[in-house]
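Student: The structure is given below, and queries will be raised subsequently.
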Amino acid sequence: MLGKLIDGKAIAEQINSETVAEIARLKEQHRLTPGLAVVLVGEDPASVAYVSMKDKMCARLGLHSERVNLPSSTSEGELLAVLNDLNFKREIHGILVQSPLPQQISPEVIFAAVDPSKDVDGFHPLNVGKLALGDPTGFTPCTPGGVHELLIRTGAKMDGAHVVVLGRSRIVGRPVSLILSQKSANANATVTICHSRSRNLAEICRSADILVAAIGAPHFVTADMVREGAVVVDVGINRLEDKTVQKGYRLVGDVDFDAVVTKASLITPVPGGVGPMTIAMLMRNTIRAAQMRRGVA
């Protein structure tokens, strides 16, 4: 059986089209242009590329966007001062601080410093708590939200399903488990969180109706870890050296795609799976933030 590819690019485009329509409505009916500020500290090549993609998407969809570029020597106090200014800036409805941050800056301190009503990344402790409680007024982190939206829009059955989440990070693994285990529509799953030190890992993964791989290791999930007909969502993105291609590397996921695709009923590719969804969900969160701040639906 050849697995059916989950086309993240196509689904992200569906969401982007909905976002464009909503932005046009907000501008026409409420004279409201949602605004996103992205703060980049340092010049990490992957981060620079990712922030540029966000800038281009804001321009394409019609959002107001601002980028704050800071040197890698920026102190935690200096970054906090920048965030304080953005917290009070009226035309900015969403704030995102690009990770990773330099060693001298604590991510936890920075996450907590963003106004939770502008925390479109969903990392503020208040939004994390709301997610845990199933409170819909919080912001869902973009990548976990993208995983959920992929499952919804491909018709994957979550109600009563056994979902195995491979990875326990606060960025992906834990939020995914909270989203899918909620008592709500498009959830109600039984969720098991695993990680690299879990015992009988392959056996647990084989029990999954839906396997979400977010462990950060290339080709970690092999064919013997996936049961026939499972839905496989690969959140990983890793660089493998490959001198046969122009860039000198290729991007691969946490799943051994070529081996697993013949067993899965649905599977995301890397690239082109979860990645495009993250930016689409960021834009959608920014729209929500603008609506909530203005008090309009």
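The values are calculated or read from the model by the stated rules, or taken from the named source; none is laboratory data. It should be emphasised that the depicted structure is a prediction, and the values quoted were computed from it without experimental measurement. Note: ideal-geometry Cβ built from the backbone for every residue, glycine included; neighbour counts use all protein chains shown. We work out accessible area using only protein heavy atoms, side chains counted, and drop any ligands, DNA or RNA first. Shrake-Rupley method; radii C 1.70, N 1.55, O 1.52, S 1.80 Å.
Student: Please give the direction-averaged projected area of the C-alpha convex hull for region 139-190, in square nanometres with one decimal. Intermediate results must be reported in sequence, preceding the final value.
Tutor: On the way: hull surface 13.4 nm².
Its average projected convex-hull area is 3.4 nm².
Student: Scanning the chain for helices, which whole DSSP H stretches are 15 Å or more long along the axis (Cα) and average -0.5 or more by Kyte-Doolittle? Don't skip to the answer; put the middle values down first.
Tutor: Working: long enough: 8-30 (32 Å, -0.57); 45-61 (24 Å, 0.21); 76-87 (16 Å, 0.27); 142-153 (16 Å, 0.38); 275-294 (30 Å, -0.13).
TM-like helix candidates: 45-61, 76-87, 142-153, 275-294.
Student: Something else about it: Just name one of Val245, Ala81, His162: the one whose Cα is farthest towards the positive end of the charge dipole of the chain (beta-carbon charges, Lys/Arg +1, Asp/Glu -1).
Tutor: His162
Student: Would you calculate a helix-derived [θ] at 222 nm for the chain, using -39,500 (n - 2.57) for each DSSP H run of n ≥ 4 and dividing by the full residue count, to the nearest 500?
Tutor: On the way: 10 runs with 119 residues, N = 297.
The helix-only estimate for the chain comes to -12500 deg cm²/dmol at 222 nm.
Student: Sticking with this one: Please work out the FRET efficiency for the pair Arg250 and Ala46, using the Cβ-Cβ distance as r and a Förster radius of 22 Å; give the result to the nearest 0.05. Walk me through the numbers before you get to the answer.
Tutor: On the way: r = 14 Å, r/R0 = 0.66.
FRET efficiency, Arg250 to Ala46: 0.90.
Student: Another question, then. Could you do me a favour and compute the accessible area per residue for region 28-68, 1.4 Å probe, result in Å²?
Tutor: Working: 2070 Å² over 41 residues.
Each residue of region 28-68 exposes 50 Å² on average to a 1.4 Å probe.
Student: Normalised radius of gyration for region 206-291, please: alpha carbon Rg relative to 2.2 N^0.38 Å, two decimal places. Numbers along the way, then the final one.
Tutor: Details: Rg = 15.1 Å, N = 86, 2.2 N^0.38 = 12.0 Å.
In units of the 2.2 N^0.38 Å rule of thumb, it is 1.26.
Student: Apply the a/c threshold of 1.5 to the C-alpha gyration tensor of region 21-136 and tell me whether it is rounded, prolate or oblate. It would help to have the intermediate numbers written out before the result.
Tutor: On the way: a/c = 1.87, a/b = 1.29, b/c = 1.45.
Cα axes put region 21-136 in the oblate bin.
Student: Over all directions, what mean area does the Cα convex hull of the chain project, stated in square nanometres?
Tutor: On the way: hull surface 63.0 nm².
Quarter of the Cα hull surface area: 15.7 nm².
Student: Right, something else. Within region 211-297, what whole-number % of the accessible surface is contributed by carbon and sulfur, with the 1.4 Å probe and all protein chains included in the calculation?
Tutor: Values: 1990 of 3730 Å².
After summing per-atom areas, the C and S share lands at 53 percent.
Student: Another question, then. A 21 angstrom limit on the alpha carbon distance is what I want to check against. Which of Lys89/Lys130; Lys9/Lys56; Lys183/Lys263; Lys9/Lys243 exceed it?
Tutor: Details: Lys89/Lys130 25 Å; Lys9/Lys56 16 Å; Lys183/Lys263 30 Å; Lys9/Lys243 27 Å.
Lys89/Lys130; Lys183/Lys263; Lys9/Lys243, as the Cα separations exceed 21 Å there.
Student: Based on the Cβ-Cβ distance from Ser75 to Ser184, what FRET efficiency comes out when R0 is 45 Å, to the nearest 0.05?
Tutor: Numbers: r = 42 Å, r/R0 = 0.94.
Efficiency for this residue pair is about 0.60.
Student: Give the aspartates and glutamates whose C-alpha is closer than 18 Å to that of Lys157, dropping any in the same chain fewer than 8 places away, or say none.
Tutor: Within reach: Asp7, Glu149, Asp209, Glu228, Asp234.
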